[in-house]
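Beneath this line is the structure, given in structure tokens, with notes to follow.
The values are calculated or read from the model by the stated rules, or taken from the named source; none is laboratory data. Worth saying up front: this structure is predicted, and the values here are computed from it rather than measured. Quick reminder, even Gly has a Cβ in these numbers, built from the backbone with ideal geometry, and neighbours come from all protein chains shown.
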Amino acid sequence: MFLFPQKLILVIFCVIFVSFQVTPEALAEPPSIALCQVFPADNPWNRDISNDPVDPNSSKYIESIGKEKPLHPDFGSEPNQPSTLYGIPYTVVNKTQAKVPIHFVSDYGVEESNPGPYPIPPNAPIEGGNDRHVLVLEKDNCKLYELYNAQLLADNSWNADSGAVFDLKSNNPRPNSDFCTSADAAGLPILPGLVPYSEVESGEIRHALRFTAKKTQRAFIRPATHYASNSTNPNLPPMGLRLRLKANFDTSNYTGQARVILNALKKYGLILADNGGNWFITGAQDSKWNNEDLAQLKRVPGSAFEVVSSGPLVLSSGNCKLNETPNR
């Protein structure tokens, strides 16, 4: 009788075992907008954090943001005025859209912005309020162009305080951007962190959501690249801080659009992106939001969240080198 050598039997067993192993954290299909993948599946924005360890300073961070203060959906429509929408709008163009000059009118914007031209049409929607964000997705190359405090000029060029360009196909979407702002204080892109109506309607959001806090510290956690504070208080949240809704928070009494959003907050969580109202999450502007559904989110207190460990704090000072000419 032929006997298999012991080593060969071991190799065959290992191959069979590995072949039938199930990946413990299979990557979900990344979200998409206008057929553009919004970052690779393993990008921090798209990563499932439901099993990540809790940050040792979680309770102090939550206390500083407000453990009794409620979650606030900063999108929808004005009560009794359904045509008055709020949230952040965006527009989609193709590669034939003409690129126009962008004039950065702030000192920091000149140094920390991707220079123009940008493919922004003259009818691009502008966010209401003081921030006046303009977001444009060029769908053929999956490039995202964002402006802060944008003003259209008579020649169809734009003034802005700052601007940024991101490659949505890449995990390095804006090279050399450490210590650089963007159209958001944290140096992050805005569009990937919005609550999108299309995903809520489908029943599942597959990415983290952008939120704001009134007071932050002079530090950031990547993928954020910038801070917007002079405070060194270690209990204030740094830009890029990642939070999730606690697994034991009971969502059974929440319905509709609110329930979908809360499910996403347990799995993908929140990323601190800007200074602003505490616990304000931002959605894409859309007439189909249901204000009554969204109002349920205001019953969720800050104490229902916990901070996860998502990377080291960048505390050092540095200069943005986005537009530096390399030595030759």
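When you scan region 78-101, do you find a residue that is more than 24 Å from the chain's Cα centre (by Cα), of a type in the set (A, V, I, L, M) and closer than 23 Å to Gly128 by Cβ, even just one?
Initial filter on region 78-101 (more than 24 Å from the chain's Cα centre (by Cα)): 78-84, 95-101.
Pick out the ones that are also of a type in the set (A, V, I, L, M) and you get 98, 100.
Filter once more, keeping what is closer than 23 Å to Gly128 by Cβ: 100.
Checked region 78-101: at least one residue is more than 24 Å from the chain's Cα centre (by Cα), of a type in the set (A, V, I, L, M) and closer than 23 Å to Gly128 by Cβ.
Residue count for region 235-250 under the criterion of being more than 26 Å from Val200 (Cα to Cα) and touching a helix residue (DSSP H, G or I) at 6+ places or on another chain (Cβ under 8 Å): the result is 3.
Counting just the residues of region 64-97 that are among the hydrophobic types (A, V, I, L, M, F, W, C) and closer than 26 Å to Asp286 by Cα, which one comes out surrounded by the fewest Cβ atoms within 10 Å (Cβ to Cβ)? So that I can check it myself, show each step before the final result.
Narrowing region 64-97 to residues among the hydrophobic types (A, V, I, L, M, F, W, C): 65, 71, 75, 85, 88, 92-93.
Pick out the ones that are also closer than 26 Å to Asp286 by Cα and you get 71, 75, 85, 88, 92-93.
Values: Leu71: 24, Phe75: 22, Leu85: 17, Ile88: 27, Val92: 14, Val93: 18.
This residue is Val92.
Taking the criterion of being in contact with a Lys or Arg (Cβ under 7 Å, 6 or more places away or on another chain), assigned to a helix (DSSP H, G or I) and among the aliphatic types (A, V, I, L, M), the only residue of region 245-274 that qualifies is Leu265. The strands (runs of 3 or more DSSP E) located wholly in region 141-202 that include 2 or more residues which are modelled with pLDDT of 95 or more and within 17 Å of the chain's Cα centre (by Cα) occupy 143-148, 162-167.
Would you be able to say whether some residue in region 251-269 is among the basic types (Lys, Arg) and in contact with a helix residue (DSSP H, G or I) (Cβ under 6 Å, 6 or more places away or on another chain)? Don't jump to the end; show me each part of the working.
We begin by selecting, within region 251-269, every residue among the basic types (Lys, Arg); these are 259, 266-267.
Then keep just the ones that are in contact with a helix residue (DSSP H, G or I) (Cβ under 6 Å, 6 or more places away or on another chain); that gives none.
Looking through region 251-269, none of the residues is among the basic types (Lys, Arg) and in contact with a helix residue (DSSP H, G or I) (Cβ under 6 Å, 6 or more places away or on another chain).
Taking the stated definitions as given, is Asn248 over 27 Å from Ala28 (Cα atoms), surrounded by fewer than 23 Cβ atoms within 10 Å (Cβ to Cβ) and at pLDDT 95 or above? No: the conditions fail for Asn248.
With the requirement that a residue be of a type in the set (A, V, I, L, M, F, W, C), buried (at least 23 other Cβ atoms within 10 Å of the Cβ) and either touching an Asp or Glu at 6+ places or on another chain (Cβ under 8 Å) or not in a loop (DSSP other than H, G, I, E, B) (or both), what does region 214-244 give you? Residues satisfying the conditions are Phe220, Met239, Leu243. Mind checking whether some residue in region 54-76 is farther than 18 Å from Ala273 by Cα, at pLDDT 95 or above and under 16 Å from the mean Cα position of the chain (by Cα)? No.
From the list Ile62, Ile49, which residue is under 20 Å from Ala264 (Cα atoms), not in a helix (DSSP H, G or I) and not charged (D, E, K, R)? So that I can check it myself, show each step before the final result.
Values: Ile62 fails: not in a helix (DSSP H, G or I).
It is Ile49.
In region 112-121, the condition of being touching a residue at least 24 places away in the same chain (Cβ under 8 Å), assigned to a loop (DSSP other than H, G, I, E, B) and among the aromatic types (Phe, Trp, Tyr) is met by no residue.
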